[in-house]
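Just below is one structure, and these are the notes that go with it.
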Amino acid sequence: SVVDEFEKAKSNASEAATATGSSALADKVNGFANKWSITRGKMIDDVKSLQQMIQAITENFQQADADMARALEEAAQDPPPASDYRSPQAV
C-alpha cells in the first residue's frame, strides 16, 4: 500500500545510499531522506485519513444499495394499485 511504501522509504533510501558506492553520494541520499521524513509522516497521516474516509463512503454506499434493493423487493411484493400510476406530463 501507499502507507507501507512511505513507512519504509527511509530504509529504502538507506539501502540505495549504500548501493551508490560513494560516501559523498550516500550522504546526499540519506540527507534527502532525513529532510523528507517529517513530510512523509504528514503524508502518511493524510493517506490514512483518506483511507478511513473512503472506507466510510464505501460502507454508506453499500448500506444505501442494500436499503434500496430491500425497498424494491418489498414494493414488488405489494405493488400499488394501477390507479396510482400517472403518465408523465409534457413540459
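Between Ser14, Ser37, Ser83, which is polar (S, T, N, Q) and out of contact with any helix residue (DSSP H, G or I) (no Cβ under 7 Å at 6 or more places or on another chain)?
Ser83
Using beta carbons and a limit of 9 Å, which pairs, at least six apart or on different chains, have the first residue in the stretch 36-52 and of a type in the set (D, E, K, R) and the second one open to solvent by 90 Å² or more (accessible area, probe 1.4 Å)?
The qualifying pairs are Arg40/Glu7; Arg40/Lys10.
If you take the residues in the stretch 17-32 that are among the aliphatic types (A, V, I, L, M) and in contact with a Ser or Thr (Cβ under 7 Å, 6 or more places away or on another chain), which one is farthest from Glu7 (Cα to Cα)?
Here the answer is Ala26.
What single numbered condition from (1) open to solvent by less than 80 Å² (accessible area, probe 1.4 Å); (2) under 30 Å from the mean Cα position of the chain (by Cα) fails to hold for Lys10?
(1)
In the list Gln52, Gln89, which residue meets the criterion of being of a type in the set (S, T, N, Q), assigned to a loop (DSSP other than H, G, I, E, B) and open to solvent by 100 Å² or more (accessible area, probe 1.4 Å)?
Only one candidate passes the filter, namely Gln89.
Output the number of the condition that Asp67 fails; it satisfies all remaining conditions of (1) modelled with pLDDT of 85 or more; (2) surrounded by 12 or more Cβ atoms within 10 Å (Cβ to Cβ).
(2)
Consider Arg70 carefully, then state whether it is of a type in the set (Lys, Arg) and in a helix (DSSP H, G or I).
Spelling it out, Arg70 is indeed of a type in the set (Lys, Arg) and in a helix (DSSP H, G or I).
The values are calculated or read from the model by the stated rules, or taken from the named source; none is laboratory data. Here the structure is a predicted model, which is why all the values come from computation and not from measurement. Neighbour counts run over all protein chains shown; Cβ positions are idealised from the backbone, glycine included. What goes into the accessible areas is simple: the full protein's heavy atoms, side chains included, and nothing from ligands, DNA or RNA. Shrake-Rupley method; radii C 1.70, N 1.55, O 1.52, S 1.80 Å.
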